[in-house]
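Each remark here refers to the structure printed beneath this line.
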Amino acid sequence: MEKLVHLDQTNTNSYSSITKNGSQGQPRAGILGGGQLGRMLLQAAANYPVETFVMENDPDCPSAHLCHHFTKGDITNFNDVYNFGKGLDLLTIEIESVNEDALEKLQQEGVKIYPHPSALRIIKDKILQKQFYKDSEIPTSDFIITQNKEELLQQEHFLPAVHKLGKGGYDGKGVQIIETKADFEKGFNGPAVLEKMVAIKKEIAVMIAINDKGDIAIYPAVDMVFDQKLNLLDYQLSPAELSEKTMWKVEAVAMKVVNGLKSPGIFAVELFVDLNDQVFVNETAPRVHNSGHHTIEANYSSQFDMLWRVMLGYPLGCTEHILPAAIVNLVGAEGFSGPAVYEGLDEIMKLENVFVHIYGKKQTKPGRKMGHVTILSKEKQELIHQATRIKNNLIVKSHS
Ligand SMILES: Nc1ncnc2c1ncn2[C@@H]1O[C@H](COP(=O)(O)OP(=O)(O)OP(=O)(O)O)[C@@H](O)[C@H]1O
Ligand SMILES: [Mg+2]
């Protein structure tokens, strides 16, 4: 493998080393998973000298037609991930459920992995993740580990609480609220964490990037508002309305998380602010994230642009916001399954400062994330007004 050393023009002491491997002398970068996160990452990659590779089972997935090379394969399978990654210079993920043993082997063989498999291992298992916060003295709600239903049934004294499956949950499917003894039946019969219920005032998220040299860039926190029924993000406002003191706490906690994980990459740290303005980490995602989508239009360097800067060894971008923003997720409407139709799109496209992102998923089904819309405005009231209007008028349906 030939090495290409880039000299940073602005700082002669700073080098970034990029392995030259690709057909046009460009670094070869792989993405495991081909959903909307990969798609938006590829949109940002188009600005950089990089050759892109995607692996995913569905050859018609949102990322398949935006990358240079698509490989059909199972991201949870050791051989598929290893074979996909072994010719690449660097590799990232757009979903946590990847085979981390293969990533570890690839890392040992010199492929740069963002995030490091060691960090991914901690995050993938909610038990290890909570234990990591505790060991690192990062504030998080108290918890008990339960191995099975029987152990859960003995924890009545710990209620109200939230039961979370250690591995395999996604989009709220591995999370159950256990308020009283009667709710125990909803609990999981496998390794899980039982967390004390936090009296939540606000749910916020912070995107934070860290490169190989340890430089950190942190985005302004965002307010997340959830759809209780689907347990999916409903809409989100950026920047979050927080007192200066809380903002400091939030940033300090997010920094502690990424420093503790000891891995370059981009991370979404989800936090709760409770009624006493205490800050708790809920969970961390070691990748680009739904709560950072507004940064495409609302911030100088988007989360996707930032991850390329990290992975390609360029200086980190500017995280400041240009204008406040709101995001509305477009999810498949109840009662419709089949080829997607976007009702109301024309009306929404007439609005100023509204940016529509359709993920290119051919089939809709109830609750499926099909796209998002970003709204920019200096006025918070205007953001909320437009977000509500979009939620009510842009509906993902199907003819059949
Ligand atoms: N300890 C807690 N106290 C109060 N509410 C909680 C607690 N933990 C989770 N919740 C609520 O449940 C929601 C979902 O929990 P969490 O973020 O852990 O899982 P998820 O993001 O749905 O799952 P996954 O990461 O697997 O997709 C949170 O956004 C929050 O509203
Ligand atoms: Mg979450």
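Each reported figure results from applying straightforward, stated rules to the coordinates on display, with no laboratory input. All values derive from a computational prediction rather than experimental measurement. Glycine gets a Cβ as well: all are built from the backbone with ideal geometry, and neighbour counts include every protein chain shown.
At-a-glance table
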quantity: Rounded Å value of the spacing that divides the Cα centres of region 256-294 and region 117-148; calculated: 13 Å
quantity: Nonlocal amide H pairs with Lys201, under 5 Å, H built at 1.01 Å; calculated: Val273, Asp274, Leu275
quantity: For q = 0.15, 0.16, 0.20, 0.25 Å⁻¹, Debye-computed log10 I/I(0) when each Cα of region 72-161 counts as one equal scatterer; calculated: -0.69, -0.74, -0.91, -1.18
quantity: For peptides 51-62, 173-184, sequence by mean Cβ density within 10 Å, most packed first; calculated: 51-62, 173-184
quantity: Those trypsin sites (Lys or Arg not before Pro) in region 71-114 that DSSP places in a loop and that have at most 16 other beta carbons within 10 Å; calculated: Lys86
quantity: Packing-based ranking, highest mean first, of 197-204, 299-306 given that Cβ atoms within 10 Å are counted; calculated: 299-306, 197-204
quantity: Dimensionless Rg over Rh [region 142-196; C-alpha; Kirkwood]; calculated: 0.91
quantity: At least 18 Å along the helix axis (C-alpha) and Kyte average at least 0.0, DSSP helices within the chain; calculated: 244-261
quantity: Lys/Arg +1, Asp/Glu -1 at C-beta; the chain dipole; positive extreme among Gly34, His157, Phe336; calculated: Gly34
quantity: Intensity falloff of the chain expressed as log10 I(q)/I(0), Debye formula with alpha-carbon point scatterers, at q = 0.06 Å⁻¹; calculated: -0.24
quantity: Burial ranking of peptide ranges 122-130, 384-392 (average Cβ count within 10 Å, highest at the top); calculated: 122-130, 384-392
quantity: Kirkwood-type radius of region 82-219, with distances r between different C-alpha atoms, in Å; calculated: 17.1 Å
quantity: For region 198-280: span of alpha carbons on each principal axis (Å, largest first); calculated: 41, 28, 21
